[in-house]
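**Q** Got a structure for you, questions after.
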Amino acid sequence: MASCWIENSTLLTAIVGTWAPFVTFVLIMLFTRHRPKTSAGLSLASATVSLASALVLLGGHWNLQRPLEYTGRWLVSGDIYIPFGYLLDPVSLLMLTVVAIIGFLVQFYSLGYMAGDPGFSRYFALMSLFLWSMMCLTISPTLFQLYIFWELVGLSSYFLIGFWYEKFSAGQAGKKAFVMTRLGDVAMFLGVLLILLHLGNLNILEIDSPKIVGLMPPEMLTLAALLIFGGIIGKSAQFPLLTWLPDAMQGPSPVSALLHSSTMVAAGVYLFERLFPFFLFSSTATTVGLAIGTISMLLASTMAMVSRDIKQIWAYSTISQLGFMLMGLDAGGLFAGAFHLTTHAAFKALLFLCAGVFIHQYGTNDIYDLAAKGTRRMRVPMLCTIIGAGALAGLPPLSGFFSKEVILAKLAGLPNPIWLVAALLGVFLTAYYAFRPIFIMLFPPSLPAANASNAAPEGTRHRLLYRIMVGPLVILAGATVALGFLQTPLRNFLAGQYTGLTTAGGAHLGWLPYVTSLLATGGVALTWWEFGRPGARQTGFVDGIPVIARFFAERWYLDRLYRAILDHAVDRGISAVLAQNDTRVIDGSIDGISRGTVLAGRLAALINAGMIQYRLLMIFAATVLLSLYFFF
Amino acid sequence: MIVPFGHVIVLAGALFLLGITCAVCRRNLIMVVLGVEIMLNAASIIFLAGALRWFSMEGQVFVVMVLAIAATEVAIGLALIVYAYRRTGSVDPINFNCLNEQPTGSQLAGFIRE
C-alpha cells in the first residue's frame, strides 16, 4: 500500500505540475484578458506550482533505479493502442526541472519587461501554453504524445515570435519559424509512422530497448532514425533549416530567452536524448548527425562573427551550441549532450535576459548603438552578460567549460580526428564571437556625457521594474557559475539511464582541458586585440575581407537560396503546373459544362418558337416515338 | 370484306400523314384546319374498317361522333381564323407566335461565348 500511495503522490505531483500552466492559459484566455495583474498573478502562480512539483519530483527520485511509467488508455484503433501518460526517468526529470526553473524565472522577469504592454494578459497566457506543452513533451511516454506536444510547442512559439503582430517583420518571422520547423516535422512524422509499422506501438522505452534491432531491418532503422533526425534538425535549427532561429528574435526578449534555452530548440536535442539508444543502433544516422551538428556549429559561428544585432548574435550562438550538443550525443555521450543542454539553458537564458534589459532600456538591438548609449554603466546586467558569455566561450571556472570539455572528450574518443579538430575550431570561434559584443559594449570609442551616471533608470516605478528584471539575472548568473561543479552528481544521476547500453566513455585525455581553455582564451584575446584594446579599430579580421564578411552576414546566402528555390522550383514549377491545371482543366471543364447547358437551352428554345405548327409536329413526333416504344 | 384490312390501314396511314403534313407545313390557317379534318377522316376510316372487320357497330358510332366533333371543330376553327385575320390582317400562323421572342443569330453566338 505504501508504494502505491507513493506512486500516486508522484503521479499527482506530475499531473498538477505539468497541467497547471494549461489551466492558467484557459483561465486567462476566458476570464481575465482585461485584467493584466490577475493574469500575471495566475501565470506566475502556476509557474511556481510547476517549479515546486518539478523540484519535488527531482528530489524524490534522485536515486531512481528504473524509469517510472504511468499510462492510461487514450485511443485504440485496430491493433494500435495509444496510451497517454507520464514517463519519469533521469533524462525527463532533469529536463522538466530545467524547463520549470527557466520558465519561472522568465515569467518573473516578464513582469518587468512586458509592463504596460497592451497584450500583457495574452503574453502570459501564451507563455503558460508554451510551458505546458514543453513540460508535457518532456514527460511523454510515447512518441505519439511527444509528437502532439512537439507540435504544440511549435504552435505556441509561433504565437510568441509573432507576439507583436502589428509589426510586419514579427508576423513574417513567426510564419517562417512555423513553416521551416514544419518541414522537419513532416520528416519526423514519417519516421514515427515507420517505427509504428514495424514495432506496433510507439512506446519510447520499447523503441529504446535493443529488441527493436530484431524487429526492424537495419536499413529501415537507419531510415527511421534519419527521418526523426529531420524533425530534430527543424526544431533545433540545424544546418539546412537554421535560418528561422535568427529571425525568431522578433518576439519579446523573454520569449527568446525561453525559446533559446529550454523550450523550443531544446526540444529537438531532448528528443535525441529521449531516443538516444535508438539513434545509436544506426551508425549511419549518428554519422549524419555528427556532420550536421558540425556544419551547423561552424556555419552559425561564422554568421555570429559579423552580426551587429545583439539578439541575433546570441541566436547564432544557440545554433552553434545546439550543434555541439548533437555532436556530443552522436558521439555516444548522453551525459555530454544532457549536461551541455542544462548549462546552456542557464547561460543562454541569462544572455537573452541581459540583452532584454539593454533593449528595454535603450530601445535598440545594435551593439554599436548600445555601446554608444552607455550599456557599460548598467553594472549588473553587464556583469551578468560577461559571465554568460564566458560560459558560452567555455572559460575555465564557468559551467560552459565543464560541459564542453565532456563533449570534446567524447569526440576525442572517436576514431576519426576530424570531428575533434572541427569542435576545437568551434571552441575558438565561439570565444571570439561571444566576446565581440562584450568588448564592443565595454569599450565604446566615445562615451556619452556622464550626466546619466546612475545606471538604474529614474523613477520608483521604473526602478522597481528594473529590479524585477535584474533578480532573475542574478539567479541565473549564480546557476551559470555553479552548474559546472554539479558535474559529478549529475553524471551519477544520469548514469541510471539506459544502463544496458555500452557507451564506452570517451578517452580521458589529460591535455584536452588545457587545449580547450587555451583556445578559448586565445579567442578572447584575439577579440580583445581587435575590439577591446585601447585604440582598437573595432573591426574584426573578417570585416577586413568584405566578400567573406558579406557572405557571412547574408547567412551564407541560405535564405536567398531558399527564396530562389521557392520562386523558381515551387512557384514557377510545381505551382504553375497546378495553377494551369486549375484554370484549364478544372475551371475549363466546369465552364464547359455550364456553357454547354446554356447552349443546349438556347437550342431547345429554338424549337419552342411559339409556332403552333412546330408544336403540332412535336406532338406528332413524340406520339410516333412513344407508340414505337410501346408496340415494338 | 372485299378490300383487305391491311390496304385500308395503309390508306388511312397515308391520309393521316398527308393531313399532318398539311397541318404542319402549310402557312395558311385554313389549310391547317383542313389538315386536321383530313387526319380526323383518316381515323374515321380506320374505325369503319374495324367495324366492318369485327362486325361491330361501335366503330360506326364513333365515326358519327367524329363527324360531329369535326363539324364543331371546323366551326370554332373558322371563327378563330376570322378573328385572327381581323387582328393581324393575315392568315399566316407565323404572325401569331406572340409567346416567343426569337433570338437572332448573333445573340445565340453571344450565349455560347459566355
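**Q** Read phi for every residue in segment A:173-184 and hand back ³J(HN,Hα) as whole Hz from Karplus 6.51 cos²θ - 1.76 cosθ + 1.60, θ = phi - 60°, with x for Gly and Pro.
**A** Per residue, the Karplus-derived 3J(HN,Hα) values read 5, x, 5, 4, 4, 5, 6, 5, 5, 4, 3, x Hz.
**Q** If you don't mind, there's one more thing I want to ask. Over the Cα atoms of the protein assembly as shown, Rg to Rh with Kirkwood Rh, two decimal places?
**A** For the protein assembly as shown, the value is 1.36.
**Q** In square angstrom and rounded to 100, what buried accessible area do you get between chains A and B, total over both, with the probe at 1.4 Å?
**A** Heavy-atom accessible area buried at this interface is about 1600 Å².
**Q** Using only Cα atoms and rounding to the nearest 10 degrees, what angle (0 to 90) does helix A:143-161 make with the longest principal axis of chain A?
**A** In chain A, helix A:143-161 runs at an angle near 80 degrees to the longest axis.
**Q** Tabulate in residue order the Karplus-calculated ³J(HN,Hα) for segment A:225-231, using 6.51 cos²θ - 1.76 cosθ + 1.60 with θ = phi - 60°, rounded to whole Hz; enter x for Gly and Pro.
**A** 5, 5, 5, 5, 4, x, x
**Q** Within 10 Å of each Cβ in B:26-39, how many Cβ atoms from other chains are there, averaged over the peptide?
**A** So the per-residue partner count for this stretch is 1.
**Q** Excluding A:S296 itself, calculate the net charge of residues whose Cβ lies under 13 Å from the Cβ of A:S296, where each Lys or Arg counts +1 and each Asp or Glu counts -1.
**A** +1
**Q** Still on this structure, please answer the following. Expressed as an acute angle from 0 to 90° and rounded to the nearest 10, what is the orientation of the C-alpha long axis of helix A:283-306 relative to the principal long axis of chain A?
**A** Orientation of helix A:283-306: about 70 degrees from the principal axis.
**Q** Suppose only helical runs count, i.e. DSSP H with n ≥ 4. What mean residue ellipticity at 222 nm does that imply for the protein assembly as shown under -39500 (n - 2.57) per run, divided by all residues and rounded to the nearest 500 deg cm²/dmol?
**A** Mean residue ellipticity, 222 nm, calculated: -24000 deg cm²/dmol.
**Q** Given A:K176/A:K373; A:K176/A:K311; A:K175/A:K235; A:K311/A:K404; A:K176/A:K410, which pairs have Cα atoms separated by over 25 Å?
**A** Cα-Cα > 25 Å for A:K176/A:K373; A:K176/A:K410; rest within.
**Q** Compute the helix-to-body angle for A:379-393: its Cα long axis versus the longest principal axis of chain A, expressed 0 to 90° and rounded to tens.
**A** That helix lies at roughly 80 degrees to the long axis.
**Q** Per-residue counts of other Cβ atoms within 10 Å, averaged by peptide: what ranking do you get for B:32-43, A:202-213, highest first?
**A** So the peptides B:32-43, A:202-213, ranked by packing, come out B:32-43, A:202-213.
**Q** Apply the Karplus curve 6.51 cos²θ - 1.76 cosθ + 1.60, θ = phi - 60°, to the phi angles in segment A:187-194 and return the couplings in whole Hz, x for Gly and Pro.
**A** Along segment A:187-194, the couplings run 4, 4, 4, 4, x, 4, 4, 4 Hz.
**Q** Output the peptides A:346-358, A:224-236 sorted from most to least packed, where packing is the average of other Cβ atoms within 10 Å over each peptide's residues.
**A** A:346-358, A:224-236
**Q** Can I ask one more? Put A:K37, A:K410, A:K373, A:K404 in order of accessible area, largest first, 1.4 Å probe: what do you get?
**A** Descending accessible area places them as A:K37, A:K373, A:K410, A:K404.
**Q** How crowded by other chains is B:16-25, given as the mean number of beta carbons from other chains within 10 Å of each beta carbon?
**A** Across B:16-25, the average partner-chain Cβ count within 10 Å equals 3.
**Q** Let me confirm one metric for peptide A:586-599, namely the mean number of other chain beta-carbon atoms within 10 Å of its residues' beta-carbons.
**A** That average works out to 1.
The values are calculated or read from the model by the stated rules, or taken from the named source; none is laboratory data. Since we're looking at a predicted model, the values are computed, not measured. Quick reminder, even Gly has a Cβ in these numbers, built from the backbone with ideal geometry, and neighbours come from all protein chains shown. With ligands, DNA and RNA removed, areas are computed over all heavy atoms of the protein, side chains included. Shrake-Rupley method; radii C 1.70, N 1.55, O 1.52, S 1.80 Å.
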